[in-house]
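Trainee: My questions will all concern the structure given below.
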Amino acid sequence: MRTERFEIAYHITAWGVPFCLSCLPLFGDYYGPAGAWCWISNEHMAWRFGIWYIPLFILIFLMMLCYSRIIYMAKKRASTWSGTYNPNREGSKILLVEEVKHLKWYPCVYLAVSLFPLLNRIYNAFSPDNSNFTLMLLHVITAPLHGLANAFVFSLDNETWNQLSPTALQLAIQARFCDTTTIKEYDSKHVRYTAQLEGEDSDSCEDTTVLFYSPNMTLKERGL
């Protein structure tokens, strides 16, 4: 199933839901000093968990279920034997398993970088006037690490490192900045067709139509 048709819905959900949730505390003037950040103040602990931590860990749990299902189905498909041996099909199965085997680390990354912030906020809920330096330090260190941790997991794929080789990078740069290939509209008035010659075997060539440039065409019109 192609998911491109859901792109607008994805954007509305990914941008709209966080925007609405972040605006809710504004209506009650709940934002204020919250340790190392300006966030929902200590007087409104329920809002911290209601609009952030509870939805966050529900999504992490659902992500674990989804990735577990994907890995299970990939391994099941790779171990299923159907019909005669086909090297292309078997190679595709191996590539599928290789592509999904690192997915299990993404939920672990989100859980790891969100665990100490959660523990710190739970401690704040029970002791709002006394902060724990160790938990606060771990909170400050791990909370901004989502992008770095995801990049580390992404780098575990060998194919990623192959694409980062000097040769691959050079080819990518050349393709991006030095490619002069142009695609022009086909102009039929400058082309004439000739039918297949008599006596020529029709099975000798799949395409029996021969294409010629018109003699009065300029080099520019021929794309040269």
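Trainee: Starting with the highest mean, order 110-117, 23-30 by the number of other Cβ atoms within 10 Å, averaged over the residues of each peptide.
Mentor: Details: 110-117: 17.4, 23-30: 11.5.
With the highest mean Cβ count within 10 Å placed first, the list reads 110-117, 23-30.
Trainee: List, in order, the whole-Hz ³J(HN,Hα) value for each residue of the stretch 135-144 obtained from phi through the Karplus relation with A = 6.51, B = -1.76, C = 1.60 and θ = phi - 60°; use x for Gly and Pro.
Mentor: The phi angles translate into 5, 5, 5, 5, 4, 5, 6, 7, 4, x Hz.
Trainee: Sticking with this one: Report, in whole Å, the centroid distance computed from the Cα atoms of the stretch 1-77 and the stretch 112-151.
Mentor: 17 Å
Trainee: Return the long-range amide H neighbours of ALA34 (sequence gap of 5 or more, or a different chain), with a cut-off of under 5 Å between placed amide H atoms.
Mentor: Amide H neighbours of ALA34, under 5 Å, 5+ apart: TRP39.
Trainee: Follow-up question, since we're still on this one. In debye to the nearest 20, how big a dipole does the stretch 60-183 give about its Cα centre with +1 on each Lys and Arg Cβ and -1 on each Asp and Glu Cβ? Numbers along the way, then the final one.
Mentor: Working: 10 positive and 7 negative charges, 97 e Å.
Using Cβ point charges on Lys, Arg, Asp and Glu, the stretch 60-183 gives about 460 debye.
Trainee: Per the Kirkwood formula on distinct C-alpha pairs, the Rh of the stretch 41-125 is how many angstrom? Please report the intermediate quantities before stating the final value.
Mentor: Values: mean 1/r = 0.0641 Å⁻¹.
Every distinct Cα pair counted, the radius reaches 15.6 Å.
Trainee: How much net charge surrounds ALA143 when only other residues with a Cβ under 14 Å from its Cβ are counted (Lys, Arg +1; Asp, Glu -1)? Intermediate values should be presented prior to the final figure.
Mentor: On the way: positive: ARG48, ARG121; negative: none.
Cβ neighbours under 14 Å give a net charge of +2.
Trainee: Still on this structure: Calculated FRET efficiency, LYS101 and VAL17, Cβ-Cβ r, R0 35 Å, to nearest 0.05?
Mentor: Numbers: r = 31 Å, r/R0 = 0.88.
For LYS101 and VAL17, the calculated efficiency is 0.70.
Trainee: A further question follows. For the stretch 96-167, what mean projected area does the convex hull of the alpha carbons give, in nm²? Show your work: numbers first, answer last.
Mentor: Working: hull surface 24.7 nm².
One quarter of the hull surface, i.e. the mean projection, equals 6.2 nm².
Trainee: Can you tell which of ILE70, ILE40, GLY28 lies farthest toward the positive end of the dipole of the stretch 1-78, using +1 and -1 charges on the Cβ of basic and acidic side chains (Lys, Arg; Asp, Glu)?
Mentor: Of ILE70, ILE40, GLY28, it is ILE70.
Trainee: Let me ask another. Which three extents, in angstrom, do the Cα atoms of the stretch 1-67 have along their principal axes, listed largest first?
Mentor: Projected onto its principal axes, the Cα set of the stretch 1-67 covers 47, 25, 18 Å.
Trainee: Another question, if that's okay. Roughly how many debye, to the nearest 20, is the charge dipole of the stretch 1-86 about its Cα centre, given +1 on each Lys and Arg Cβ, -1 on each Asp and Glu Cβ, and no other charges? Intermediate values should be presented prior to the final figure.
Mentor: Working: 7 positive and 4 negative charges, 140 e Å.
It works out to roughly 680 debye.
Trainee: Please give the length that would be gained between LEU169 and TYR31 if that part of the chain were fully extended, namely 0.36 nm times their separation in residues minus their C-alpha to C-alpha distance (nm, one decimal). Don't skip to the end; give the middle numbers.
Mentor: On the way: separation 138, 0.36 × 138 = 49.68 nm, distance 4.60 nm.
This chain segment gains 45.1 nm when fully extended.
Since every read-out is calculated from the coordinates, none of them should be taken as a lab result. Please read all numbers here as calculations on a predicted model, not as lab measurements. Cβ: placed from backbone, ideal geometry, glycine included. Neighbour counts: every protein chain shown.
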